1. List every residue whose amide H lies under 5 Å from the amide H of Val80, counting only residues 5 or more places away in sequence or on a different chain, with H placed 1.01 Å from N in the peptide plane.
2. May I ask you to list, by number, the DSSP H helices of the chain whose Cα span along the axis is at least 15 Å and whose average Kyte-Doolittle hydropathy reaches -1.0 or more?
3. Report the local net charge at Asp47: Lys and Arg +1, Asp and Glu -1, summed over other residues whose C-beta lies under 13 Å from its C-beta.
4. For a footprinting-style exposure proxy, rank Tyr97, Tyr139 by other Cβ within 10 Å, fewest first.
5. So for region 30-141, averaging the separation of alpha carbon pairs under 8 Å that are six or more residues apart and normalising by length, what relative contact order in percent results?
6. Mean separation of Cα pairs under 8 Å and 6+ residues apart, divided by the residue count of region 49-105: what relative contact order is that in percent?
7. If you take the beta carbon distance between Glu29 and Phe71 as r and set R0 to 30 Å, what does 1/(1 + (r/R0)^6) give as a FRET efficiency, to the nearest 0.05?
8. Describe numerically, in nm with one decimal, the distance between label points set 7 Å from Cα along Cα→Cβ at Val119 and at Asp40.
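Since every read-out is calculated from the coordinates, none of them should be taken as a lab result. Just so you know, these numbers come straight off a predicted model, no measurement behind them. Ideal geometry is used to build each Cβ from the backbone, glycine not excepted, and the neighbour counts take in all protein chains shown.
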Amino acid sequence: MKKLLAFAAALSLAVPSISVAQDKVEKRETGGYYVVVHYDLKPGSMDKFTEMTKNLMAIDAKAGNKSPMVFNAMTGEWDVIAIFPVEDGLGSMEYKYTPRDVAFNKALLESMGGDKEKVQAMWKEFGDLIEKSESELVYMRK
């Protein structure tokens, strides 16, 4: 029954668009795709989170990537909101590790003297600052 109701709901949403359906394939024109990450930090961790984020952004820039925009929230349940550009569009979602990821990881490892354990410890420390996080994929209208 639940499947039938879900199908009926989906169909009812689709019906209005059928009457105005396009007869040709058309790509969406956007001002770019982005991954938005919301962070709720553990109490007292904002300064360390900010310091680590600035260091990671410098490494990301050194790797040749576009750095994310990072905002400190003044209202709502989130402390920090970071917006990462999806540089290669939605096609990059097909990768397990994108060229951006590989370049960043290489620069990060280099910045830590090639010590993989040091990198793992840094990520653990970073993760320990975060109470919870949530991410979503968005696009900017052109």
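1. When sequence neighbours closer than 5 places are left aside, the close amide H contacts are Tyr39, Leu41, Ala73.
2. Taking the DSSP H segments of the chain (at least 15 Å long, mean hydropathy at least -1.0), we get 2-19, 46-62, 99-111.
3. On the way: positive: Lys42, Lys48, Lys54; negative: Glu51, Asp79.
Local charge sum for Asp47: +1.
4. Final ranking by Cβ density, sparse to dense: Tyr97, Tyr139.
5. Details: 147 pairs, mean separation 55.1, N = 112.
Relative contact order for region 30-141 comes out at 49 percent.
6. Values: 39 pairs, mean separation 17.3, N = 57.
It rounds to 30 percent for region 49-105.
7. On the way: r = 26 Å, r/R0 = 0.87.
It comes to 0.70.
8. Modelled inter-label distance: 3.1 nm.
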